[in-house]
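S.K.: Have a look at this one.
The values are calculated or read from the model by the stated rules, or taken from the named source; none is laboratory data. These numbers were taken from a predicted model, which means no experiment stands behind them. Note that we place each Cβ from the backbone using ideal geometry, even for glycine, and neighbour counts take in every protein chain shown. Heads up: the accessible areas ignore ligands, DNA and RNA and are worked out on the full protein's heavy atoms, side chains in. Shrake-Rupley method; radii C 1.70, N 1.55, O 1.52, S 1.80 Å.
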Amino acid sequence: MSFPWANEYTPTHPFMQWLDAKLPLPRFVYNAVGAGYPVPRNLNYFWNFGVLAGFCLVIQIVTGVILAMHYAANSDIAFASVEHIMRDVNWGWMMRYAHANGASAFFVVVYIHIFRGFFYGSYKAPREMIWLLGVVIFLLMMATAFMGYVLPWGQMSFWGAQVITGLFSAIPIVGNALHTWLLGGFAPDNAALNRFFSLHFLLPFVIVGLVILHIWALHIPGSSNPTGVEVKSESDTVPFHPYYTAKDGFGLGVFLVLYCALVFFFPNYLGHPDNYIPANPMQTPAHIVPEWYFWPFYAILRAFTQNFLFIPAKLMGVLAMFSAILMWFFLPWLDRSPVRSARYRPMYKWFLWVLVVDVVVLGYCGGSPAEEPFVMISQIAAIYYFLHFLVILPIVSSLERPEPLPFSITESVLGRDEQAALGVPA
Amino acid sequence: MFRKQPVFVRNLTPKEIAAAYAVPLSSLRDPQTLAERTKPGHENWLITMGVCTHLGCVPLGAAEGEPRGEFGGYFCPCHGSQYDTAARIRKGPAPKNLEVPDYKFTTPTSVTIG
Amino acid sequence: MIRIFAILAGLFFAAGLAWSFLLGASSYISEPPAKTAVEEYHQHPKELQLASDGAFGRFDNEQLQRGFQVYKEVCSNCHSLRYLAFRDLKDLGYNDDEVKAIAAQWSTKQPTFDPKTGDKGERPNVPADHFPLVYYAGQGTPPDLSLITKARHGGPAYVYSLLTGYQDQPAELLKRFPDAKVPEGLHYNPYFASLAIAMPPPLTADGQVSYGDGTKATRDQMAKDVAAFLVWTAEPSLEKRRQLGWAVLGFLIFATVLTYMAYQNVWAGKKGNH
């Protein structure tokens, strides 16, 4: 792995030399995120979001572990125990708001990170494995976030659990039995709450493991870059430390300012008022909506209102919703354009921006009540969503003529003349 | 309450019964007549689970003043499924009629579910 | 090969969606959904300004004390305040003795249970107790008010609008939607989600509560005061949260400027991103 010109770890202090011989953990860190990892010199701010996502995961685990010390996973007292955290636990309100809004911040960061992958073709060979692991992390994040939202046992928690586990009852033949088995009952209750709590605690650590694999896989080909041109020589790279630690430090500062503004001044803005009403199995809220980060997928689920051929509408909706993410697994093999970066792909670039608008529209419809015209709009938007990934991407690469790529990263940064003046081999 | 889920009991008016019989079976997604969904001699008592067959919400329309949808039965606010006066699915994403639990009349005025 | 499967799958989903769209659109055109009475007559909460609004908002303790008095004398007959303890009232500016007295004189007593004899009884409240639950046998289920301003769209403005929004059902509404007539025992209120609320108008006359601080207890004033009080019950830490927030933001902005300077310093002379 890594490039031949990477700095070698050479400890000078005898203790560090001893440690390096017994357990080369400092060497590992040095090569992973230290001066021993050469990174393209032209990364833009989109490349900050990987580190930010890792930071969000740490926030969530730290605040989550503290909250778990005071939370009671019992359907009779779960709601009251959350209020106990908010009112009586020292700094409990801050931990809870940091955790609830931390989930939102995590998704914002990850959605930008995923967009970076789409725009700069980061999923393409030789980085397919990084992409596949990333999609698995995203799926686990969604599962974790969903189960976390159930824990306060408010109205939205309860009905969210009812609706989402209800998706599994759409599966032919075994669906209803599977639904009952997943919940541990006919309706969400103590059994469901307890297992959700258990899994909500477990999954973040599984995500940590996958993040390590994700970064490991990244270090084999090295980071991609905005031109999509592979690293060719030492002048194309800079060591991760101090160049990108400094840049990530600044990115982290900006992120924390925005995140803390949310936590301290608008902590309930992204939540739903109904979740401050204790769960009531006898009464469904007027509009059940999931958290904002699920809205686009929720809109796809609801867009199927009619049976198609012999497939019931409900099954179609469930199939489509899961396919909407699972098809990302095939992305590296659907997009065959040899050019990675959308900067040099005139047609793909426009389709991608349409997709961004499309997902925002889907999200808006998903957060609105299931009424016209939102259902019709979400149907149109969902059509584009599927066509983009499954039809347009495979076809566009053979139709478009990419613009000329720069010869190397150095050339794109310095220009041809300056590069020649420096005597860098072209 | 049955299996921790609500049960709807509705005393149908003659007008509602007539409306339920007037619907041609072939137009239904899950064809059943009102007679199949009630007990002989008690056709006016419609007893169903109050659980939408789409994703399990509690439809509105059981209590006075709640919206009952276009077909005068129940209306599920989650995804807009509409049920008619025999609690049969008429419009929206739900695949089946509201489930009729096993029950029997133990006396003319009381039923046992299960 | 995989691309051919993908294109087929994409067309399959698109066709399913298009089918749903066509059927939905045709029924939307042939029989456009009629507006319901709720859609036509439900109103968003009125504007309400409180001292606790905004990023610099502070609670107005005199108003909170008045609001507490309205809760005590009017609302608490039916509505609980289960997540609050009497000791929390010290935040409103009551001293220890006053809190003790309020707890001891609270009309609903604290239930007790003797596990040895199995006897159930009750005792006067002490400051450490939460507000005792209120049971209500009549029509409707009065919600607990501890979190009400967080649990409704509009928060305090909703509470204020609801309390002052009772009126006769408009004749025009009855003419257009005869089915929407408010059933017996319910009351018309355009700020309530279904327009028909079980709670009878609680604030019936000016001067229903006599304030100790000389404020004129109009219905409007009482509604405002109790709404302000319920903002506090929903989140007693509100003021502290914002104060801390300013300190945190100030520090973070300073630190971020430093990291930006460090970043520029490290990259000086190295041309990278553009």
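S.K.: Please list the non-local residues whose amide H lies under 5 Å from the amide H of B:Val7, H modeled 1.01 Å from N, same-chain partners needing a gap of 5 or more.
M.R.: For B:Val7, whose amide H was placed from the backbone, the distant partners under 5 Å are B:Phe2, B:Gly50.
S.K.: Using alpha-carbon pairs under 8 Å, 6+ residues apart, how would you state the relative contact order of chain C in percent?
M.R.: 24
S.K.: Using heavy-atom solvent-accessible surface (probe 1.4 Å) with all chains present, what is the largest-first order of B:Arg37, C:Arg219?
M.R.: Ranked list, largest accessible area first: C:Arg219, B:Arg37.
S.K.: Are there residues in segment A:287-330 whose accessible area shrinks by at least 40 Å² when all protein chains are included rather than the chain by itself, and which are they (probe 1.4 Å, ligands and nucleic acids not counted)?
M.R.: Correct list: A:Phe304, A:Thr305, A:Gln306, A:Asn307, A:Phe308, A:Lys314.
S.K.: Okay, moving on. By average Cβ neighbour count within 10 Å, what is the ranking of B:77-88, C:110-121, A:307-318 from highest down?
M.R.: B:77-88, A:307-318, C:110-121
S.K.: Kindly write out, for segment A:380-392 in residue order, the coupling ³J(HN,Hα) from the Karplus curve 6.51 cos²θ - 1.76 cosθ + 1.60 (θ = phi - 60°), rounded to whole Hz, with x marking Gly and Pro.
M.R.: Rounded to whole hertz, the list is 4, 5, 5, 4, 5, 4, 6, 4, 4, 6, 9, 10, 5.
S.K.: For chain C, what are the DSSP H helices with axial Cα length of 24 Å or more and mean Kyte-Doolittle hydropathy of at least 0.0?
M.R.: Span-like helices here: C:2-30, C:238-267.
S.K.: Can you work out the FRET efficiency for the pair A:Asn7 and C:Phe5, with r the C-beta to C-beta distance and R0 = 35 Å, to the nearest 0.05?
M.R.: FRET efficiency, A:Asn7 to C:Phe5: 0.15.
S.K.: I want to check the label-to-label distance for A:Asp76 and A:Glu128. Put each point 7 Å from Cα in the C-beta direction and report it in nm to one decimal.
M.R.: Result for the modelled spin labels: 5.5 nm.
S.K.: Among the residues of segment B:1-40, which ones have their accessible area go down by 40 Å² or more when all the protein chains sit together, as opposed to their chain alone (1.4 Å probe)?
M.R.: Residues losing area: B:Arg3, B:Lys4, B:Gln5, B:Arg29.
S.K.: Sticking with this structure for a sec: Please identify the longest segment of chain C free of exposed GluC sites (Glu not before Pro), where exposed means a DSSP state other than H, G, I, E or B and no more than 13 other Cβ atoms within 10 Å.
M.R.: C:48-183
S.K.: Among C:Ala137, C:Ala223, C:Ala51, determine the one that fluctuates most according to a GNM of chain C built with springs between C-alpha atoms less than 10 Å apart.
M.R.: Largest GNM mean-square fluctuation: C:Ala137.
S.K.: Moving on. Note the angle between two axes, namely the Cα long axis of helix A:155-166 and the longest principal axis of the Cα atoms of chain A, as a number of degrees from 0 to 90, rounded to the nearest 10.
M.R.: Here the helix axis deviates by roughly 80 degrees.
S.K.: Between the helical axis of A:49-68 and the dominant principal axis of chain A, each derived from Cα atoms, what acute angle in degrees is found, rounded to the nearest 10?
M.R.: 40
S.K.: Hey, what angle do you get for helix A:128-150 against the long axis of chain A, alpha-carbon based, 0 to 90 degrees rounded to 10?
M.R.: Relative to chain A, helix A:128-150 is tipped by roughly 30 degrees.
S.K.: How big is the B/A interface in buried accessible area, both sides summed, 1.4 Å probe, to the nearest 100 Å²?
M.R.: Protein heavy atoms only, the B-A interface buries about 1800 Å².
S.K.: Of C:Gly57, C:Gly212, C:Gly24, which has the largest mean-square fluctuation in a 10 Å C-alpha GNM of chain C?
M.R.: The residue with the greatest mean-square fluctuation here is C:Gly24.
S.K.: How much accessible area per residue does chain C have, in Å², with a 1.4 Å probe?
M.R.: Heavy-atom SASA per residue in chain C reads 55 Å².
S.K.: Hey, what's the per residue convex hull volume over the C-alpha atoms of the protein assembly as shown, in cubic angstrom?
M.R.: 225
S.K.: For segment B:1-104, what is the convex hull (Cα atoms) projected area averaged across all directions, in square nanometres?
M.R.: 6.2
S.K.: A follow-up question, please. Accessible area per residue of segment B:7-113 at 1.4 Å probe, in Å²?
M.R.: Heavy-atom accessible area per residue stands at 44 Å².
S.K.: Follow-up question, since we're still on this one. Which residue, B:Gly41, B:Gly56, B:Gly72, has the most motion in a Gaussian network model of chain B that connects Cα atoms within less than 10 Å?
M.R.: B:Gly41
S.K.: Of the accessible area of chain A, with the probe set at 1.4 angstrom, what percent is carbon plus sulfur?
M.R.: Ligands and nucleic acids excluded, carbon and sulfur reach 72 percent.
S.K.: Return a whole-number percent for the relative contact order of segment B:7-113, with Cα pairs under 8 Å and 6 or more residues apart as the contact set.
M.R.: 25
S.K.: How large is the Kirkwood hydrodynamic radius of chain A, counting all unique pairs of alpha carbons, in Å?
M.R.: That comes to 23.9 Å for chain A.
S.K.: Can you compute 3J(HN,Hα) from phi for each residue in segment C:115-128, using the Karplus curve 6.51 cos²θ - 1.76 cosθ + 1.60 with θ = phi - 60°, rounded to whole Hz and x for Gly and Pro?
M.R.: Coupling constants for segment C:115-128: x, 7, 9, x, 6, 9, x, 8, 9, x, 6, 10, x, 6 Hz.
S.K.: Compute the distance from the alpha-carbon center of segment A:140-174 to that of segment A:287-357, in whole Å.
M.R.: 20
S.K.: Moving to a separate point now. Using alpha-carbon pairs under 8 Å, 6+ residues apart, how would you state the relative contact order of chain A in percent?
M.R.: 21
S.K.: For the interface of chains C and A, what total accessible area is buried with a 1.4 Å probe, rounded to the nearest 100 Å²?
M.R.: So the buried area, both faces added, is about 5600 Å².
S.K.: Could you tell me which of rounded, prolate or oblate describes chain C, using a ≥ b ≥ c as the square roots of the eigenvalues of the alpha-carbon gyration tensor, with rounded for a/c under 1.5 and, failing that, prolate when a/b is larger than b/c and oblate otherwise?
M.R.: Oblate.
S.K.: Residues with beta-carbon under 15 Å from that of C:Pro45, excluding C:Pro45: net charge, scoring Lys, Arg +1 and Asp, Glu -1?
M.R.: Every neighbour counted, the sum reads +1.
S.K.: In addition: Ranked highest first by the average count of other Cβ atoms within 10 Å around their residues, in what order do B:21-27, A:215-221, B:49-55 fall?
M.R.: Result, highest mean Cβ count within 10 Å first: B:49-55, A:215-221, B:21-27.
S.K.: Right, another one. Aspartates and glutamates near A:Lys232 by alpha-carbon distance under 13 Å, same-chain residues fewer than 8 away left out - which ones?
M.R.: Excluding near neighbours in sequence, the set is A:Glu411.
S.K.: If we count every other residue with Cβ under 15 angstrom of A:Ala103's Cβ, Lys/Arg +1 and Asp/Glu -1, where does the sum land?
M.R.: Once positives and negatives cancel, what remains is 0.
S.K.: Right, next: Which of the aspartates and glutamates could a cross-linker span from C:Lys90 if the Cα-Cα distance has to be under 20 Å and same-chain partners fewer than 8 positions apart are dropped?
M.R.: Once the sequence-local aspartates and glutamates are set aside, what remains near C:Lys90 is A:Glu83, A:Asp88, C:Asp60, C:Glu62, C:Glu73, C:Glu98, C:Asp129, C:Asp213, C:Asp225, C:Glu235, C:Glu239.
S.K.: Follow-up. Explain nothing, just compute: Karplus ³J(HN,Hα) = 6.51 cos²θ - 1.76 cosθ + 1.60, θ = phi - 60°, for every residue of segment B:13-20 in order, whole Hz, x for Gly and Pro.
M.R.: 7, x, 5, 5, 5, 4, 4, 5
S.K.: Only Lys, Arg, Asp and Glu count, each charged at its Cβ (+1, +1, -1, -1), so figure out the dipole size of chain A about its Cα centre, rounded to 20 debye.
M.R.: Dipole size: approximately 440 debye.
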